Amino acid sequence: LEDGKPQKVSVFEEHKATDAMQAGKTPQLPPHVYSDYPQYALTSAANVLLLDALNTPLSDQVYVRRQMLKYLTTIPAGTRVAVFTLASQLRIITGFTTDTAEIAKALGPGRGNAELSPVMDPIFDDAQDLAVSLASSGGASAASVAAMQQFASDTKSFEVGLRTQMTVDALDQIARYLSTIPGRKNLIWFSGSFPLRFLQGGASPSMDPMADYSGQVKKAAELLALARVAVYPVDSRGLLNVPGADAQTTAGMASEMYSPPVSGSPGGNQGMGSYGMNQLASGVASGGSQGVASEVNTKNQNFLNDLAWDHFNMDQIAKETGGKAFYNRNALGQVVEEAIADGSSYYTLGYAPENRNYDGSLRKVDVRVEGSHYDLEYRRSYFADNPAVEAKWTPGRRSPLIDAMQHGTPPLSQVIFEVRVLPEGDPALDGEQATMKRTVLVPKGMKHPMHYLVDYWIDPRGVEETTLENGKQHREIELTQVAYDVEGIRVNSTDAGLGVDLTDAQAQQALTDGIQMHQEIDLPAGDVFLRIGVHDILSGRMGTVEIPVKVGSR
């Protein structure tokens, strides 16, 4: 049913775990020619482990990896797993493979190690909280305490907002990467915090109330749905206790807040030795609302609020994508096993909505099975966007092409293309000459630049078209090249948006020969990574490939 009204089912297919198979590999290409052909095609569920360092303290990341390595000793034969990490950017550590040794290598030391979050800083947050507590208990003016509290709140809001934006961008990239792989994909997402909700609005209580990420989150949710990705959020912190249950934490707060008696006074200068835990719990040291008990209770309540919000978001993300949330669980290896088993066999059910009013509103989907009781997991809603309208990204948001062109990020195959990269004058160019001015292609300070010609053959089936008044097929294609050195620093780039008009005969020929396009770029001497992207401007689809180039100096 859609919004309570029955719909006519037009597609119904069963998929079993035993149906999984790997399709053919990349076709043989001529020398110096590269392609973004997808390397894997799966006919049953594919599993992706996302180790989220952006939203997870370092200690929890180490625990997750240990649990994953332990799980690999029991993983069922033939289970395909890919491993991604997210910190300052999304990286693919290993593509889909059934080789448990390869997966273990990806999770082990030396490759994709646990990272400090570039945004989350628990030590700084604790220091801020402690500074406010000390000021409050030390006799500071109400205005000073309020100013410190506001500063801490603003800092927290900025951090959460930044993590939300980076998380949404990563989900966008994952959805694009997985969209070229047939069938269901299970995204098993290990994180210590889930700062976003997919649908029905709302933001983290710690986020700037003026920040609005609803447009970006909606687009990420749509991309995941189109790519048939079911999300399995996993709280990597395991089973948690409130901070007040930790005697060391309580004692530490008390020792900072309590001003010991001066030497010679009753009890002497013995610090915490003068007070038992019962007295601390009663707030005797400072008394009233400024006592230790009050601070512990406040810290506990804030922790419980944040935890409840995270778990609510996890449940909602899972529900809206057909996955399942896991929290308050320490055996994370067992969680992976359950998630993979849960998504290994599934059904594809499709229908054409009878309501053709594509107004962008949220529509509810309800699936019911008669005769017996079943627990059904499926996508519960979708946005009724008009498929005939040109896709528009949220105004003010960074272009997804920028994320797709970052060094080391997952390759995309939404637009299939082949590309040849050769230095000017190479015999294999068969007399082809450079056509672009060198003065605009060589950045200032580049040492021993060498001019490269980049020729494209783009599959027109991945590029959206419109028909012009003269009958020609019109396409809008953006070509992008970004060069990085061995340290991952960008050393040069070119970008051009080009319109392509083809007659019917030319369009038919392009199905065989591809849409042929050309670009040029200068590269510095040494080892360079050249990332090349093709962006279909009308549909937003992209293809990317990264090529190692050894540039000889002149």
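Taken over segment 520-550, the criterion of being open to solvent by 10 Å² or more (accessible area, probe 1.4 Å), at negative phi and of a type outside the set (Lys, Arg) is satisfied by Pro524, Ala525, Asp527, Phe529, His535, Ile537, Leu538, Ser539, Val545, Glu546, Pro548, Val549.
Looking only at segment 348-382, which residues are outside any loop (DSSP other than H, G, I, E, B), surrounded by 12 or more Cβ atoms within 10 Å (Cβ to Cβ) and modelled with pLDDT of 90 or more? Passing the criteria: Leu349, Tyr351, Arg363, Val365. Just to be sure before I move on: is Val500 open to solvent by less than 70 Å² (accessible area, probe 1.4 Å), closer than 23 Å to Pro548 by Cα and modelled with pLDDT of 90 or more in the structure I sent? Answer is no for this residue. Of all residues in segment 301-332, those being over 19 Å from the mean Cα position of the chain (by Cα) and either among the aliphatic types (A, V, I, L, M) or modelled with pLDDT under 85 (or both) number 13. Consider segment 391-406 and keep the residues that are among the charged types (D, E, K, R) and surrounded by 12 or more Cβ atoms within 10 Å (Cβ to Cβ). The one that is modelled with the highest pLDDT is Asp403.
Of the numbered criteria (1) surrounded by fewer than 14 Cβ atoms within 10 Å (Cβ to Cβ); (2) without any contact (Cβ under 8 Å) to a residue 40 or more places away in the chain; (3) in a helix (DSSP H, G or I), the one Thr298 fails is (1).
Taking segment 494-510 as the range and being farther than 30 Å from Leu523 by Cβ and aliphatic (A, V, I, L, M) as the test, the residues that pass are Leu502, Ala505, Ala507.
The values are calculated or read from the model by the stated rules, or taken from the named source; none is laboratory data. These numbers were taken from a predicted model, which means no experiment stands behind them. Don't worry about glycine lacking a Cβ; one is built from the backbone with ideal geometry, like all the others, and counts go over all protein chains shown. Just the protein is used for accessible areas: all its heavy atoms, side chains included, with ligands, DNA and RNA removed. Shrake-Rupley method; radii C 1.70, N 1.55, O 1.52, S 1.80 Å.
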